[in-house]
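The values are calculated or read from the model by the stated rules, or taken from the named source; none is laboratory data. Treat the numbers as computed from the prediction; the structure is a model and nothing was measured. Don't worry about glycine lacking a Cβ; one is built from the backbone with ideal geometry, like all the others, and counts go over all protein chains shown.
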Amino acid sequence: MDHLLEIRNLSIELPQGRRKPPVKLVEGVDLTVRKKQNFGVVGESGCGKSITCSSIMGLLSFPLSLGQGSSIRFQQGDGREVEITGLSKAELRKLRGRDISMIFQEPMTALDPMYTIEEQICESLLFHASLSKAEMHDAALEMLRKVKIPRPEQILKDYPHHLSGGMLQRVMIAIALINNPRLLIADEPTTALDVTIQAQILDLMNELRESYDTSVIMITHDLGVIAETCEEVAVFYAGQVVEQSDVNTIFHAPAHPYTAGLLRSVLSLGGAQQELYTIQGTVPTAGNFSVGCRFADRCEHCMDICRNRAPALSEISPGHLCRCWLHADTPKEETA
Amino acid sequence: MKRFGQILRELWRDPMGRIGMLGIFLVILMAVFAPQLSHFGPEKMVGLPKAPPSSEFWFGTDNYGRDIFSRILYGARVSLQVGIIAVGIAATAGYVLGLIAGYFEGWVDRVIMCVMDIFFAFPSILLAIFISAVLGRGLVNTMIAIGIVNIPVFARTVRASVISAKGLEYVQNAKSVGVRTGAILIRHISPNVVAPFTVQATLALSSAILTEASMSFLGLGIQPPDPSWGSMLSEARTFMEQAPWMAVFPALFIIVTILLFNILGDSLRDVLDPKLKL
Amino acid sequence: MKNYTIRRILQLIPVLFGISVLIFAVMKMIPGDVISGILGVEATPELRAQLAAKYGLDRPYIVQYLDWIVGVLHGDFGESIRTSAPILPEILSRFKVTAELTIMAAVISWCIAIPLGVLAAVKRNTFADRFVRVFALLGVSVPGFALSILLILVLSLAFNYFPPLGYVGFFEDPLRNLQIMILPAAILGVSISGSVMRMTRSSVLEVLRQDFIKTVRAKGASERVAIFKHALRNALIPIITLIGMQIGSLLGGAVIVEQIFSLPGLGQMTLTGINQRDYPVVQGCVLFIAFVYVLVNLVTDLLYAYIDPRISYD
């Protein structure tokens, strides 16, 4: 396989006790990430984007679990492919922090308050490489310089509570990249930061992309971030991928009504319209998904078939996937 | 804010809560109906001394020939009385002090908390023993001593709740609009205090019963011939080989009663504030 | 750190002062005449006046208090009314017994409570967790003396084992000393372990929910590293505070256990003092125990200030 990551038919379940069947929070997700690609995953809170990406590293928190038939194929540094869902705990641990890294939303609480910055950066090295203390110190120092932290010698000796959110997020990036991972998953890395800091962090990530061989999955609900950093975008809604294409197509020629709605809501902020556009209705909760298209009752273009049959994710033009009856070929037999 | 009926219902639904409620209800029944339930009364010497449990004397007799079952029933009265009144004293005084300290802060707060800290500096049983040395022994004095010892913990709990409630937005809004202090205290702050306060009260009950049993065991609380589970246990020590039932039953009842209050307290805590759920 | 320590010690002074005032005031409020207690009710007024003067009981309270407290600061706790022996030396020698009991009980309780608490947190909602929670609940609910009596009963009837009487110092005969102390220390330790167990469990659970644990796992840490290197260290802070308070319960519980096992400790001395109306003894003992407790709490405060880098020293 020449892709870096291939997710097929991923589903994530939440058990409901012994008497009820588990609820599927995420269902039938297919994602493909290429090498050295910036891949964006966008959607509202609760649409399943975060847990989907957590599951790539096998970091689903109890009691969530992967559904049957989920497949996550990943190409390691040495070229070998692995099926992540079949790995043992020990093998997963080798992958984490070395081949696949993750950074999180809240930098202020993402580090252990009891240990210095140096100790926490070097911990990544400790798990995956055998270096002397001096070598680790130098590597940590070098990483801090790469993420453009001023006075890195001093920062190494500081504790997390001494640092601001922006600085901490840079440290997180340093920790994530120190072992040269093939894939970096960034779960809303700038959401908790001030707008100016946000811009700095995104610029930093874009710069680092040049020097590192890393693909980035950027999870966000902010279309602006997507526009600035991503090449390929997948749109999540109610636990499914509803559209995927390159960033230009998504922004200028979205196929799915949800994507179009999202764009209209954002764009209306800058325009001279009288009213803010909103998509009517609310996101359905897991377990209450309709039998047909999950977006049907909010969709302006809803047809009869949309309510009764769930559309599949199909390629409506090369490189452009969409889950919508407007663009897919409707099946021959129909029930009105 | 949950209504009282809903609280009771949720408590009932939790199996532990149910056990706690039923168990304590039984203990209360035992205490209230002691005269009716006991055949012989707690002080009359009605049988052969140190007789093992039989159909006539369900729990056997003690070294004076008194019916242990009757003494246990009357002992329940003592335990519950002491528990309720001591906690009543502590809760009332503690509530008032905590409310004042928490709401007004400043030097009032510091003075009150300094005094409370001084009380906290003593191990609680030592303080209870110490205070009862002043007041004397017996039922009433024991209640007062245990009550005084528990005031600081209530004061602290209430004060903490009040201070965190003061920070809540709707309280600040009420103040800025000019609602009177009294009304704020009653209508806005008190509801936030009720939950931790109630849990504390239940746990204080179990602690008060434990302290009373300990003190009576040491000879400082309830005086003979009045029955108290603690003093019964102490009397039983000399006769452990000959009449182990003299020790077993008081010990069991002490343990079970305290356990029931703790179970109820835990379930209450889970119901009133699920975030604290163990 | 040094400044912080000094500041905390200075903060103690009003508390220590308050404790001594409280003890003194309470002692003065005890009804019953010390003099009558010694001489009997038929004593003549002259004899009473003489004795009162001897003990300084005819002076104003403030003077009596200052006299006492200055003496205490110089290491003079006064003399027992019964035995006329100086009080402080006896307190110190008896304190060795109580201290040994308390320390053994504390160590036993930590060895039980902390591992079990961590186990319950890590294996949440499994059988192990439920077992630990029940055990902790029982620990909190079973008073030391009830457990002692039941245990002695069971041991004597079932195994014909009777706890050895008499006391031997640790440095005289370590083996015999441990034989004597192990049962009371174990009982005391077990009765305390319940609340430490619960606190450990809830503290560890709380910490495991934190974001930085996710980060540690994402770095590729094993569960063992995540728990012992990161979670436990953070969880330890509230546990240490609790342990400080537990020492108070231990000191109180020691009073009872000493009585049951006839150990010549401070608790026994205090009780005897109360029963015999030997007020200087009671005063001295309670003061000493309270001071020890306050000191222990100071040490725990300093300990977690030392461990937690977030606590600022200014």
For the stretch B:236-247, the count of residues that are buried (at least 19 other Cβ atoms within 10 Å of the Cβ) and more than 7 Å from every other protein chain (Cβ to nearest Cβ) equals 4
Quick one: is C:VAL286 out of contact with any Pro (no Cβ under 6 Å at 6 or more places or on another chain), crowded, with 24+ Cβ neighbours inside 10 Å, within 11 Å of chain B (Cβ to nearest Cβ) and without any contact (Cβ under 8 Å) to a residue 40 or more places away in the chain? no
Margin query: Take B:GLY88 and tell me if it is at positive phi and not hydrophobic (A, V, I, L, M, F, W, C).
Written below: no
The one condition B:GLU43 fails out of (1) closer than 19 Å to B:LEU139 by Cβ; (2) part of a helix (DSSP H, G or I); (3) of a type outside the set (Gly, Ala, Ser) is (2)
Cβ pairs under 7 Å, 6+ apart or interchain, first in the stretch B:188-207 and assigned to a helix (DSSP H, G or I), second of a type in the set (Asp, Glu), ordered by first then second residue, are B:ALA195/B:ASP273
Residue hits (the stretch A:84-118; acidic (Asp, Glu), within 22 Å of A:HIS137 (Cα to Cα) and within 7 Å of chain C (Cβ to nearest Cβ)) are A:ASP112
Residues of the stretch A:5-30 being out of contact with any helix residue (DSSP H, G or I) (no Cβ under 8 Å at 6 or more places or on another chain) and crowded, with 22+ Cβ neighbours inside 10 Å, in sequence order, are A:SER11
### Query
Do we find that B:ILE163 is among the β-branched types (Val, Ile, Thr), surrounded by 24 or more Cβ atoms within 10 Å (Cβ to Cβ) and part of a helix (DSSP H, G or I) in this structure?
no
Here the residues within the stretch A:84-98 that are part of a loop (DSSP other than H, G, I, E, B) and surrounded by 10 or more Cβ atoms within 10 Å (Cβ to Cβ) are A:LEU87, A:GLY97, A:ARG98
Inspect the stretch C:233-247 for any residue being closer than 25 Å to A:ILE103 by Cβ and at the interface with another protein chain (Cβ under 9 Å from one of its Cβ atoms) and give the result as yes or no. yes
Of the listed residues (C:PHE171, C:PHE145, C:PHE212), the one being part of a loop (DSSP other than H, G, I, E, B) and either touching a helix residue (DSSP H, G or I) at 6+ places or on another chain (Cβ under 9 Å) or at the interface with chain B (Cβ under 10 Å from one of its Cβ atoms) (or both) is C:PHE171
Note on B:LEU252: of the conditions (1) closer than 30 Å to C:ARG201 by Cβ; (2) surrounded by fewer than 23 Cβ atoms within 10 Å (Cβ to Cβ); (3) at pLDDT below 90, unmet is (3)
Given the conditions (1) buried (at least 18 other Cβ atoms within 10 Å of the Cβ); (2) within 11 Å of chain B (Cβ to nearest Cβ); (3) assigned to a helix (DSSP H, G or I), every one holds for C:LEU295 apart from (1)
Considering the stretch C:95-109, residues that are closer than 17 Å to C:ILE240 by Cβ and not small (Gly, Ala, Ser), and then whichever is surrounded by the most Cβ atoms within 10 Å (Cβ to Cβ), we arrive at C:THR102
Taking the stretch A:234-253 and keeping only residues that are more than 21 Å from A:ILE7 (Cα to Cα) and touching a residue at least 12 places away in the same chain (Cβ under 8 Å), one is left with A:THR249, A:PHE251
> For the stretch B:104-111, does any single residue satisfy the condition of being in contact (Cβ under 8 Å) with a residue 12 or more places away in the chain and crowded, with 21+ Cβ neighbours inside 10 Å?
Replying inline: no
Is the stretch B:121-131 home to any residue that is within 14 Å of another protein chain (Cβ to nearest Cβ), of a type in the set (Ser, Thr, Tyr) and either within 30 Å of B:HIS39 (Cβ to Cβ) or buried (at least 19 other Cβ atoms within 10 Å of the Cβ) (or both)? yes
Note on A:GLN105: of the conditions (1) out of contact with any strand residue (DSSP E or B) (no Cβ under 9 Å at 6 or more places or on another chain); (2) surrounded by fewer than 22 Cβ atoms within 10 Å (Cβ to Cβ); (3) not in a helix (DSSP H, G or I), unmet is (1)
Over the stretch A:120-165, the set of residues of a type in the set (Asp, Glu) and either within 14 Å of chain C (Cβ to nearest Cβ) or in contact with a strand residue (DSSP E or B) (Cβ under 8 Å, 6 or more places away or on another chain) (or both) is A:GLU123, A:ASP158
Taking the stretch C:198-208 and keeping residues touching a Gly at 6+ places or on another chain (Cβ under 6 Å) and away from chain B (no Cβ under 11 Å) leaves C:THR200
Filtering the stretch A:55-83 for residues that are within 14 Å of chain C (Cβ to nearest Cβ) and either crowded, with 19+ Cβ neighbours inside 10 Å or at pLDDT 90 or above (or both) leaves a count of 4
Is it true that C:VAL97 is under 24 Å from C:LEU287 (Cβ atoms) and either in contact (Cβ under 8 Å) with a residue 12 or more places away in the chain or of a type in the set (Phe, Trp, Tyr) (or both)? yes
Those helices (runs of 4 or more DSSP H) completely within the stretch A:123-181 that have 1 or more residues that are within 23 Å of C:ARG217 (Cα to Cα) and in contact (Cβ under 8 Å) with a residue 40 or more places away in the chain are A:152-157, A:165-177
Scanning the stretch A:1-57 residue by residue, those in a loop (DSSP other than H, G, I, E, B) and either within 27 Å of A:LEU262 (Cα to Cα) or under 14 Å from the mean Cα position of the chain (by Cα) (or both) turn out to be A:ARG34, A:GLN37, A:GLY43, A:GLU44, A:SER45, A:GLY46, A:CYS47, A:GLY48, A:MET57
Looking across the stretch B:208-228 at residues that are more than 7 Å from every other protein chain (Cβ to nearest Cβ) and closer than 11 Å to C:PHE145 by Cβ, the single one that is surrounded by the most Cβ atoms within 10 Å (Cβ to Cβ) is B:SER216
| Do we find that B:PHE120 is in contact with a strand residue (DSSP E or B) (Cβ under 8 Å, 6 or more places away or on another chain) and not hydroxyl-bearing (Ser, Thr, Tyr) in this structure? | no
Among C:VAL255, C:VAL282, C:VAL296, the single one that is within 30 Å of C:VAL168 (Cα to Cα), of a type in the set (A, V, I, L, M, F, W, C) and over 11 Å from the mean Cα position of the chain (by Cα) is C:VAL282
Among (1) facing another protein chain (nearest Cβ under 9 Å); (2) under 24 Å from the mean Cα position of the chain (by Cα), C:SER222 falls short only on (2)
